[in-house]
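Everything below concerns the one structure shown next.
The values are calculated or read from the model by the stated rules, or taken from the named source; none is laboratory data. Keep in mind that this is a model prediction, so the values were computed, not measured. All Cβ positions, glycine included, derive from the backbone under ideal geometry; neighbour counts span all protein chains shown. Quick note on the areas: whole protein, heavy atoms, side chains included, nothing else; ligands and nucleic acids left out. Shrake-Rupley method; radii C 1.70, N 1.55, O 1.52, S 1.80 Å.
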Amino acid sequence: MKPRKILHRKSLAFQPEAFLAKSGLGRTILDLKKRQTVFAQGDAANAVFYVQKGRVKLTVVSKRGKEATIALLGAGNFLGEECIAAIQPQRLATATAITPVTLLKIERKEMARVLHEEKLFSEVFVSYLLARNTRIQEDLVDQLFNSSEKRLARSLLLLAQFGKEGAPETVIPKISQETLAEMIGTTRSRVSFFMNRFRKLGFIKYNGKLSVHSSLLNVILHD
């Protein structure tokens, strides 16, 4: 009898992947169309979102009305996690679907509960935040010290998930040159110039969908 009880307990052990894959108490799955807004800058922040499918763009607008794209998030990413940091937080950015997207919406109270009670989930979430923080620091260094050509090459490689575990996507969803320009802090004309150069050199293929070759790394490594 004892071995069966132990086996039953193990089967009921908390699994972060299962928690993030389906709806439940305090969790709702949302299917959004392209260009639909997840939340807007200044909204009350009362939930965390987990991207199951698709891509989401995070943008901020200055007091003068200038808009900047600060991140593109895909499957496996959280967004809106700032709601955990304060009692009555506000959204710091606007999140918009740039492809059809499936999200898991986790209410703030439920997110706080599972972080407190489930060590495995807490470890997964903290690891994600640390990796995200490292990425933000790398983005800052990139903006400060690299040319716009290198910044564009790095952004394309990141979108194709080069350097992450598993095989890279190589083919990424169609993304506008305006969005790429906002991401790297340059003009659309400069992005167009560099994209044409990358294509002529065989680093990318652009025909409805964007294919990125690992040889694009040469742009970043070359001084």
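For segment 173-202, the set of trypsin sites (Lys or Arg not before Pro) satisfying both a DSSP loop assignment and a count of at most 14 other C-beta atoms within 10 Å is given as LYS174. Counting only DSSP beta bridges whose two residues both lie in the chain, roughly 100 percent are antiparallel.
In the chain, the calculated helix contribution to ellipticity at 222 nm averages -12500 deg cm²/dmol per residue, counting -39,500 (n - 2.57) for every DSSP H run with n ≥ 4. Surface composition of the chain: carbon and sulfur atoms hold 55% of the protein heavy-atom accessible area at a 1.4 Å probe. Taking only the C-alpha atoms of segment 67-194, Rg followed by Dmax gives 16.5, 52 Å.
Of ILE98, ILE204, ILE84, ILE136, the order by accessible heavy-atom surface (1.4 Å probe, DNA, RNA and ligands excluded), from most exposed downward, is ILE136, ILE84, ILE98, ILE204.
Once the convex hull of all Cα atoms in segment 16-60 is built, its volume per residue stands at 95 Å³.
Among TYR206, TYR50, the sequence by solvent-accessible area, most first, with a 1.4 Å probe is TYR206, TYR50. Over all distinct Cα-Cα pairs of segment 123-223, the Kirkwood formula returns a hydrodynamic radius of 14.3 Å.
Projecting the Cα positions of SER155, ALA93, ALA131 onto the charge dipole of segment 77-223 (unit charges on Cβ atoms of Lys, Arg, Asp and Glu, taken about the Cα centre) puts SER155 furthest along the positive direction. Among the trypsin sites (Lys or Arg not before Pro) found in segment 59-121, those both in a DSSP coil and sparsely packed, with 12 or fewer other Cβ atoms within 10 Å of their Cβ, are LYS63, ARG64, LYS66. If you average 1/r across every pair of different Cα atoms in segment 42-104 and take the reciprocal, what Kirkwood value do you get, in Å? One over the average 1/r among Cα pairs gives 12.2 Å for segment 42-104.
Between ALA85 and GLN36, residue separation times 0.36 nm minus the direct Cα-Cα distance comes to 15.1 nm. Panel note: the C-alpha atoms of segment 82-130, placed on their principal axes, show extents of 33, 25, 21 Å (largest first). Comparing GLY185, GLY54, GLY42 in a Gaussian network model of the chain, where Cα atoms under 10 Å apart are tied by springs, the biggest mean-square fluctuation is seen for GLY42. Over the chain, the reciprocal of the mean inverse Cα-Cα separation, the Kirkwood hydrodynamic radius, stands at 19.3 Å.
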